[in-house]
Every structure is written in C-alpha cells, then in structure tokens.
1. If we scan segment 149-159, do we find a residue that is within 30 Å of residue 55 (Cβ to Cβ), modelled with pLDDT of 80 or more, in a helix (DSSP H, G or I) and out of contact with any helix residue (DSSP H, G or I) (no Cβ under 8 Å at 6 or more places or on another chain)?
2. For residue 75, only one of the following conditions fails: (1) modelled with pLDDT under 90; (2) more than 30 Å from residue 125 (Cα to Cα). What is its number?
3. Against the definition (within 17 Å of residue 33 (Cα to Cα), part of a helix (DSSP H, G or I), modelled with pLDDT under 80 and more than 14 Å from the chain's Cα centre (by Cα)), how does residue 120 come out, yes or no?
4. Can you tell me which of (1) at pLDDT 50 or above; (2) in a helix (DSSP H, G or I) is the one residue 12 doesn't meet?
5. Can you tell me which residue within segment 26-63, out of those that are in contact (Cβ under 8 Å) with a residue 40 or more places away in the chain and outside any helix (DSSP H, G or I), is surrounded by the most Cβ atoms within 10 Å (Cβ to Cβ)?
6. For segment 64-81, how many residues meet the condition of being part of a helix (DSSP H, G or I), crowded, with 18+ Cβ neighbours inside 10 Å and free of Cβ contacts under 8 Å to residues at least 24 places away in the same chain?
C-alpha cells in the first residue's frame, strides 16, 4: 500500500506561485530599465520605431514589433544575446539592463563608443558592408578623397578669413 502525502504537492504549488510572482516582477523591472535607457538615449518608446532601430544593429538577431511590445509591456525578457545588443546600443551595462545591478548602473558597456548613429547612417553602412570587398575598397578611396578635399577647403577658407 502506497501512502500519498499532501505536503509535497502543496509545497510545490506554493513554490511555483512564488516563482511566477518573482518572474512577473523581474519582467516588469526589466521593462522599466529598458524604457529608462531608451528615453536617456533619445529612442522612441514605441514598438515599431524601436524595432527598426534595433534591427539595424542586430546583425542576425532581428526582432518583431510583437517581441518589442512584450519587452516594453513587461511580458517578456529578451535573450542574453539581445540584451547585449541593447546594452551596447543604449550605452548601458548589460547586467544593469537585465538585473538592475546597482554596481553597474552608471557604467557604460566596456569598449562601446557612445556614438549614436542615426538609422539612416546605419542602413547605409549595412549596405556598404554587404558589397564585395573590392567595391568596398573603391568606396573607401572615394570617401578618403572627399574627406581630403573637404579638409583642404576648410583650411583654405580659414587662411583667407584670417588675412582679411
């Protein structure tokens, strides 16, 4: 004869209920930190524009507006890979974004320059990178020539301005 114990079942359901509440709170806290980082970076807190800007940086880890909506609503937390991309883009530490790590709250992601490129610039860079290496080299030479010409023009106008 096998005896069934009620206590383990009750303990499991209590533990599961507590785990669910903790997970719910973690998702909401992540959402709050994400919104804070977006606002600080001047990124719209709206699923579609956020998704477009994120996907320009994602390099194969693209997301849908539905996924972004769930992040913003506190219904889901992205994978670690996506959190790393978000943190680098928004200039925050990945541990802070995911867990609210107080030690890293004011520390930008190491090695990531704080330059915020527009979506248009990132799209152009992605287009250039998709070209064959020989074409990229030609474009590099053209850009270098334009930059040299531009700098030379500024030097001439500075010299003329000083002599007048």
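The values are calculated or read from the model by the stated rules, or taken from the named source; none is laboratory data. Here the structure is a predicted model, which is why all the values come from computation and not from measurement. With ideal geometry, Cβ positions are generated from the backbone for all residues, glycine too; neighbour counts draw on all protein chains shown.
1. Scanning segment 149-159 turns up no residue that is within 30 Å of residue 55 (Cβ to Cβ), modelled with pLDDT of 80 or more, in a helix (DSSP H, G or I) and out of contact with any helix residue (DSSP H, G or I) (no Cβ under 8 Å at 6 or more places or on another chain).
2. In the conditions (1) modelled with pLDDT under 90; (2) more than 30 Å from residue 125 (Cα to Cα), residue 75 misses (1) alone.
3. The answer is no for residue 120.
4. Every condition holds for residue 12 apart from (1).
5. 43
6. 2
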